[in-house]
Every structure is written in structure tokens, then in C-alpha cells.
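Okay, structure first, notes after.
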Amino acid sequence: MKAITCLKYGDAENLVLAEVEKPSPKDNEVLVKIHATSVTTSDVLIRRMNEKPIPKFILQCVFGFGKPRKPILGMVSSGVIESKGCSVSSFNIGDEVFAYGSVSAAKRRFGSYAEYICLPEDWHIAHKPTNMSHCDAAAIPYGGLLASHLLNKAEIKKGDKVLIYGASGSIGSMAIQLAKNAGAIVTSVCSGKNFELVKSLGSDFEIDYTREDAELELETYNYVFDAVGNAKSSALKEKSKKALLPKGKYISIDHGIPLTLKSAFLNLKSLAEQEKIKPVIDRVYPLDKMAEAHAYVEKGHKKGNVVITV
């Protein structure tokens, strides 16, 4: 099968199209013929591997030294089940499914930058939302699960004031929608060129972080969600950490290891089918343009998700 392999850590050019052996499902696994995957910020982080020495050492203990231990990256997939193991009962051949390959810190499987992937049936895999294409479905799990992780640390009540920093990215765009579904009044922080996008997702107020006086627009909030983490900062972000009502809470995506719960994954499927959330897709690339897609995501200005058709 065709797959994108990462020859070594570093530039996007190290992602190369190759012919590799097609996997075979174990007794409890399904073989998915992938129609679409996505390039996430986490994929780029792993491929670059240019963190500070201690975090870099920890990451390489997990993923491999010098190059990925498993050279096919990618965590998200949407496709069709082509075959299955003898003990699989939840899915049938021909079922359209979507999946996320990271269940926990200890249970993780990359490999969606390829034509096929095998996944255990009890992992984060479910029938694809019936009202969505494979490209749309591939744009749900990463941002949706990480946004769910942020909001699960809060107890949003109707009328709560919520600020989302990094509102136009894959995590932030889902956080807006999940917060609105919970009844929040949402203020989105992003660049002015993305105001129309976040408004279309339900944002009530917007702040352009590129403006010199942006911090003057801050109010005080029940919750401030940082959807970009330590990778990006600004004077506005530092001010927003303290723009809290009494008992207010600042929650960053970099606070601890994100929990990606199966219940949250299935909730995203349900919300998508009810049209209560919709994925945002910035660009779509074919598999053989993976390096170009990575280079675009690495710039840090994508809107929502970058999807790969396989």
C-alpha cells in the first residue's frame, strides 16, 4: 500500500511517499481503507522534534530516537472497513467509520498517513456521522476531543462568560461550539480576518489579538480557555489569564496530559449528526502532498483543520 513515511525528525521534506506492507487485522481489529486523514499540530510537533532538551528526550523515549520508531504518522482516519478479525462484533465489512488513534498516553497507534490502518474495535472508532463526508469526519476527532478535554475541566452553566484564546484553530473552533451548546456567552480571540468564521460558529464577541490595544477589550470571565498552549503567547494572552470573575478559572490545553475519553468521542459523533457541531476545514491536500500540508500547518495560521484525501 502507499503510505507517507517519516525518514527522520526535522523538516517536512522528510515525509516521503513509499510502498509498504498492507497490515492485517488481529482477532479484535478492523482493517480500515482510509479515505481521509488530517494533519494536526501534534503531528507537526512529533515530526519536527525540536523541543527543549528535557521535553525532547521524553518525547523521543516515547516515539523513537533520531527518527520515529513507527515511521507512518497520523492519528485521525475516516474510511470503510475492508476486513475484520474473527472476534469483532461491533462492525461489519463495508461500514463507514471514523477514528482517533490515541486512546490514552499508554494506548496510542499512529499510521493514518496511509491507504490502510488496523484498529481495535473497542478503541476510538465509530460509525461515521451519516450526514458528513469522509473529509468532514476526519476534521472532527482531534480538535473535538481536545476541546472536550478543556471543557470537561469546567462546569459551564447557562449564561457563563467564556473567553477562548486561539478560537479559529482546530481546538478553538470546536471549543466555541461546545461552549455554546452548554449555554455560554463566548468571546473569541483570533485575528480579525477570522471574525466571520468564529461568528458563524456561534461566537458572541470577538477580540483581534494583533491589535496593540486588544487587552483593553477584555472583560472578566467565568472561564478562560487557552486552545493554543505554550507554543504561542502575546500581551493579550498574559492579561487574559487574570481576566477572571471571582472563582473564575484559566484552563490551558498544556495543563497536564489531555484525556481523550471514548464517551467524548461518541458525544462528538452524536453532536455532529444532530448538526450541533460542524468541522472547519481550511485546506485539503492529496496524500502525495503531505510535506506541503505539513509546511502549511507548521506556519501556525491555519483555520480549523487541514485534511488529506487518500
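The values are calculated or read from the model by the stated rules, or taken from the named source; none is laboratory data. If you're wondering where the values come from, they're calculated on a predicted model, not measured in any experiment. Every residue, glycine among them, receives a Cβ derived from its backbone with ideal geometry; neighbour counts consider all protein chains shown.
Observations, loosely collected:
- For the stretch 42-61, a residue qualifies if it is over 16 Å from the mean Cα position of the chain (by Cα), of a type in the set (A, V, I, L, M, F, W, C) and within 29 Å of Ser173 (Cα to Cα), and the qualifying residues are Met49, Leu59.
- Restricting the first member to the stretch 1-19 and to residues that are in contact (Cβ under 8 Å) with a residue 60 or more places away in the chain and basic (Lys, Arg), and the second to residues that are in a loop (DSSP other than H, G, I, E, B) and surrounded by 13 or more Cβ atoms within 10 Å (Cβ to Cβ), the beta-carbon pairs closer than 6 Å and six or more apart or on different chains are Lys2/Glu115.
- Search result, residues across the stretch 61-96 that are among the polar types (S, T, N, Q), touching a residue at least 40 places away in the same chain (Cβ under 8 Å) and either surrounded by 19 or more Cβ atoms within 10 Å (Cβ to Cβ) or more than 13 Å from Pro25 (Cβ to Cβ) (or both): Ser77, Ser78
- Residues within the stretch 8-45 that are crowded, with 20+ Cβ neighbours inside 10 Å and outside any helix (DSSP H, G or I), tallied: 14
- Summed over the stretch 3-41, residues that are closer than 17 Å to Ser78 by Cα, more than 23 Å from the chain's Cα centre (by Cα) and of a type in the set (A, V, I, L, M) total 0.
- Some residue of the stretch 214-236 being touching a residue at least 24 places away in the same chain (Cβ under 8 Å) and among the basic types (Lys, Arg): yes
- Tallying residues that are in a strand (DSSP E or B) and surrounded by fewer than 19 Cβ atoms within 10 Å (Cβ to Cβ) within the stretch 121-173 yields 1.
- In the stretch 203-228, residue nearest to Ser42 (Cα to Cα) [restricted to those that are among the aromatic types (Phe, Trp, Tyr) and part of a strand (DSSP E or B)]: Phe225
- Out of Val62, Val80, Val88, sole residue that is in a strand (DSSP E or B) and either among the polar types (S, T, N, Q) or out of contact with any helix residue (DSSP H, G or I) (no Cβ under 6 Å at 6 or more places or on another chain) (or both): Val80
- Hey, Lys249 within 20 Å of Lys180 (Cβ to Cβ) and surrounded by 14 or more Cβ atoms within 10 Å (Cβ to Cβ) or not: yes
- Taking the criterion of being over 15 Å from the mean Cα position of the chain (by Cα), closer than 21 Å to Pro71 by Cα and small (Gly, Ala, Ser), the residues of the stretch 103-131 that qualify are Ala105, Ala106, Gly111, Ala114.
- Selection count, the stretch 207-226, where residues are modelled with pLDDT of 95 or more and within 19 Å of Ser252 (Cα to Cα): 10
- Exclusive hit being outside the structural domain of His124 (by TED's automatic domain parsing), in contact with a helix residue (DSSP H, G or I) (Cβ under 9 Å, 6 or more places away or on another chain) and within 25 Å of Lys158 (Cβ to Cβ), set Leu245, Leu197: Leu197
- Condition met for Lys249 (more than 28 Å from Ala126 (Cβ to Cβ), in contact (Cβ under 8 Å) with a residue 24 or more places away in the chain and touching a Lys or Arg at 6+ places or on another chain (Cβ under 9 Å)): yes
- Taken over the stretch 91-102, the criterion of being within 23 Å of the chain's Cα centre (by Cα) and not in a strand (DSSP E or B) is satisfied by Gly101 alone.
- Among (1) of a type outside the set (S, T, N, Q); (2) out of contact with any helix residue (DSSP H, G or I) (no Cβ under 7 Å at 6 or more places or on another chain); (3) assigned to a helix (DSSP H, G or I) - the single one Asp282 does not satisfy: (3)
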